[in-house]
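S.K.: Quick one: structure below, then a few questions.
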């Protein structure tokens, strides 16, 4: 993040001192002690806060994908009843009541959109990206899905069938991308780190194993 | 490694699920986000397994008990991150990463203005 939060706990000299609340004093005490002991840094905390605010949601969906990749029995349950299989991992409520998992394969590519509004499985995928709510995406994805995919840098073999699903207040989707090659022996945690938000909407690919982040 | 923070934010489910609004994680005050960041960062540095913190937070949510040095002035309605801070403080003391005495002293320093800056 280029912009630092203005509200971190530096009390600069030009601010008049006001006594902190009890809990504020405790958190400042903890942070100052831990920094002094070299156990944490201001920047590390900043980075985590920003990652949490932006990325935790997608990580839930990524866990579902990683489990589907590594546990065939779980994959079957996810195919049969997405809602319950996802609830097994502790993700329920909050607009994920009815979730259908769409499995990509060598022959089929799934993507979803909310043409009428911005229905989105928040619990699984976090904050919807701005483009998801944009009129061009919502209108073009149904009529010209391949063009829209190309805009996202996703080109598919012409033989691959593209399926576009429309979410509603009652029905949400999550795309289960194909497990990338070269991930034999990966733990679920390692696999989940490869899953991007867009790959679960169908507008992007998963990361390649070994590719460095960013 | 340390830059790949996206993969390292652990999940919290059930009674200790992170507070969210419309699915987005929310912090009601800056101290809550600092407390969040410290707990996750020390975990990723290997100070404790995530489950150890999580179990402690569950205990705090269930019983509201805490070590003396970690006891905040009793809040009428301790919120999620109040309990989070208390659980964290307990854990640090148990792991001998901080001592109750230095914690008491430092809290007091901040409350009285003897110390005003975190860094």
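Taken together, the values in this text are just the output of simple stated rules run on the coordinates, not laboratory data. Every value quoted in this text rests on a predicted model; they were computed, and no experiment measured them. Here the Cβ is made from the backbone with ideal geometry for all residues, glycine too, and neighbour counts use every protein chain on show.
S.K.: Over all residues in A:34-41, what is the mean tally of Cβ atoms on other chains that come within 10 Å of each residue's Cβ? Before the final figure, lay out each step's value.
M.R.: Numbers: counts 8, 3, 4, 4, 1, 8, 9, 3.
If you average over the peptide's residues, the count of other-chain Cβ atoms is 5.
S.K.: Quick check: the distance between the Cα centres of the range A:18-45 and the range A:164-214, to the nearest angstrom?
M.R.: If you average the Cα positions of each part, the centres end up 37 Å apart.
S.K.: I'd like the mean, over residues of A:84-90, of how many other protein chain beta carbons sit within 10 Å of each residue's own Cβ. Let's see the in-between values first.
M.R.: On the way: counts 0, 0, 0, 0, 0, 2, 5.
Neighbouring Cβ atoms belonging to other protein chains average 1 per residue here.
S.K.: State the dimensionless ratio Rg/Rh of the range A:58-201 (Rg: radius of gyration of Cα atoms; Rh: Kirkwood radius). Please report the intermediate quantities before stating the final value.
M.R.: Working: Rg = 14.6 Å, Rh = 15.5 Å.
My calculation puts Rg/Rh at 0.95.
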